[in-house]
Amino acid sequence: MGIILLIILQNIVFGSYIAFRLYQAFFKKYNMWLIIFIFLILFSTFLIARILVKTFGIHIPNSIIFATHLILAFTNYLFIYLAATDIIRLIFKLLHTPFLSHKVQMIIVLVLTLVTIIYGYINSHNTKITAYTVTLKKELKENITIAALSDLHIGADMSPKRLSKEVQIINNMKPDVIFIIGDIIDNNIKDLTQAHIHELKKLNAPLGVYAVIGNHDYYSSDAETIKKLLTQADINILIDNVTYIQEKGVYIIGRDSLRHTNDDGSMRQNIKTLYDKVEDKAKPVIILDHVPKGLKDGKSINADIQISGHTHDGQTFPLNLIVRKMTLLSHGMLVDDGFYYIVSSGIGLWGPPVRVGTDAEILLINVYGSNQNQ
């Protein structure tokens, strides 16, 4: 909700500013208020589409949804470049030095914006493998190779074709087990088509595929519907549940989404309640939790690893800088007294279909017990 309010504010304030500057550059022979109104409507198409889909249940083709996402991205960077060049214009004015005409300035800004969007879109589809090595304080039967991915956001950008590419990358890693760390669906359960399920079913790991649910999954539907669909892809859904991987001697705690409240008003289960289900406390414990809340829960039960997503590492500049300041860890791995806290920047996108200053990634985590050599 906070992000939506921020976008509304952006549309009103930033949109009016951009529209007025476009009017000055190209449309002075027309009515100023009409031009501003037209551009404000254009800049608001992302929100309008969301409202039509979520509030009124109107079906909008993904191609149109994707176009509104592009407009949002274009608006964001148009504002950044325009504001930057206007600051330069102001400095030149204070120095009594001529600057570019409004038209030339706007053309430069539009070109810079277009180049940034093209780069950001290409970069968002260039998925990287980020490898980590973890050495536990506890013993393992055998070392375990984990492929972990988060934030697929299946919808306008994550087509079956792109999903097939990501699945192939994962399978080529030859992991022992695959973890999906929430936000599998973007906002509409109908976007999870049989073609997507067919691709997800190709995920190949001898110890199986496990997933937890994120906040966007709940935006799209209820837990039971999501579980039913993902079970068709042979994915084991863990919602406040614990499972034991016998072959490796490790427990997996899959947590419900931090931002989810049940129909009866109750919240997700306490981590210590879940830990009570771990029968052998001497065995390693891996926590899967979509939202990276921090170290406290994992350390309180002497867990060994937590894998999270959600942040997208900010996804775009300059939001990535803000997210990195606001969170303990927006992306990467932090080790605290033997507890490995790992946050993925994810592979999919929310909103603007670009990544600038961040990367799409799949994690490859090689885990060794205290009794094993690397």
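The values are calculated or read from the model by the stated rules, or taken from the named source; none is laboratory data. Every value quoted in this text rests on a predicted model; they were computed, and no experiment measured them. When we count neighbours, we look across all protein chains shown, and the Cβ atoms used for this are built from the backbone with ideal geometry, even at glycine.
Hey, does the stretch 144-151 have a residue that's on the phi > 0 side of the Ramachandran plot and either outside the structural domain of VAL343 (by TED's automatic domain parsing) or out of contact with any Gly (no Cβ under 9 Å at 6 or more places or on another chain) (or both)? Within the stretch 144-151 (the criterion being on the phi > 0 side of the Ramachandran plot and either outside the structural domain of VAL343 (by TED's automatic domain parsing) or out of contact with any Gly (no Cβ under 9 Å at 6 or more places or on another chain) (or both)), the answer is no, since none of the residues qualifies.
Please work out if ILE51 is in the same structural domain as ILE108 (by TED's automatic domain parsing), over 25 Å from the mean Cα position of the chain (by Cα), in a helix (DSSP H, G or I) and surrounded by fewer than 18 Cβ atoms within 10 Å (Cβ to Cβ). For ILE51, the condition - in the same structural domain as ILE108 (by TED's automatic domain parsing), over 25 Å from the mean Cα position of the chain (by Cα), in a helix (DSSP H, G or I) and surrounded by fewer than 18 Cβ atoms within 10 Å (Cβ to Cβ) - is not met.
Looking only at helices (runs of 4 or more DSSP H) that fall completely inside the stretch 261-374, which ones have 1 or more residues that are free of Cβ contacts under 8 Å to residues at least 24 places away in the same chain, assigned by TED's automatic domain parsing to the domain that holds ALA211 and not β-branched (Val, Ile, Thr)? I'd like the intermediate steps shown before the answer.
Numbers: elements: 271-275, 296-300, 319-326.
Because the criterion is at least 1 residues that are free of Cβ contacts under 8 Å to residues at least 24 places away in the same chain, assigned by TED's automatic domain parsing to the domain that holds ALA211 and not β-branched (Val, Ile, Thr), the helices (runs of 4 or more DSSP H) in the stretch 261-374 that meet it are 296-300, 319-326.
Note down all Cβ pairs under 8 Å where the first residue falls in the stretch 73-89 and is among the aliphatic types (A, V, I, L, M), the second is outside any helix (DSSP H, G or I), and they're at least six residues apart or on different chains. Qualifying pairs under 8 Å: ALA73/THR316; ALA73/GLY351; ALA73/PRO352; ALA73/PRO353; ALA73/VAL354; ILE80/PRO318; ILE88/PHE99.
Of the set (1) more than 22 Å from SER370 (Cα to Cα); (2) out of contact with any helix residue (DSSP H, G or I) (no Cβ under 9 Å at 6 or more places or on another chain); (3) in the same structural domain as ILE342 (by TED's automatic domain parsing); (4) among the aliphatic types (A, V, I, L, M), all apply to VAL115 but (3). When ILE12, ILE4, ILE8, ILE41 are checked against the criterion of being surrounded by fewer than 18 Cβ atoms within 10 Å (Cβ to Cβ) and modelled with pLDDT of 90 or more, a single residue qualifies: ILE41.
Which ones in the stretch 115-129 are assigned to a helix (DSSP H, G or I) and either acidic (Asp, Glu) or touching a residue at least 12 places away in the same chain (Cβ under 8 Å) (or both)? Let's see the steps before the verdict.
Initially, the stretch 115-129 is screened for residues assigned to a helix (DSSP H, G or I), giving 115-124.
If the condition is that a residue be assigned to a helix (DSSP H, G or I) and either acidic (Asp, Glu) or touching a residue at least 12 places away in the same chain (Cβ under 8 Å) (or both), then THR116, ILE117, TYR119, GLY120, TYR121, ASN123, SER124 are the ones that fit.
With respect to PHE46, determine if the residue is hydrophobic (A, V, I, L, M, F, W, C), under 19 Å from SER220 (Cα atoms) and buried (at least 20 other Cβ atoms within 10 Å of the Cβ). Against the criterion (hydrophobic (A, V, I, L, M, F, W, C), under 19 Å from SER220 (Cα atoms) and buried (at least 20 other Cβ atoms within 10 Å of the Cβ)), PHE46 qualifies. If I ask for residues that are surrounded by 22 or more Cβ atoms within 10 Å (Cβ to Cβ), at pLDDT below 95 and among the aliphatic types (A, V, I, L, M), which ones from the stretch 186-212 would you list? LEU192 - this is the single residue of the stretch 186-212 that is surrounded by 22 or more Cβ atoms within 10 Å (Cβ to Cβ), at pLDDT below 95 and among the aliphatic types (A, V, I, L, M).
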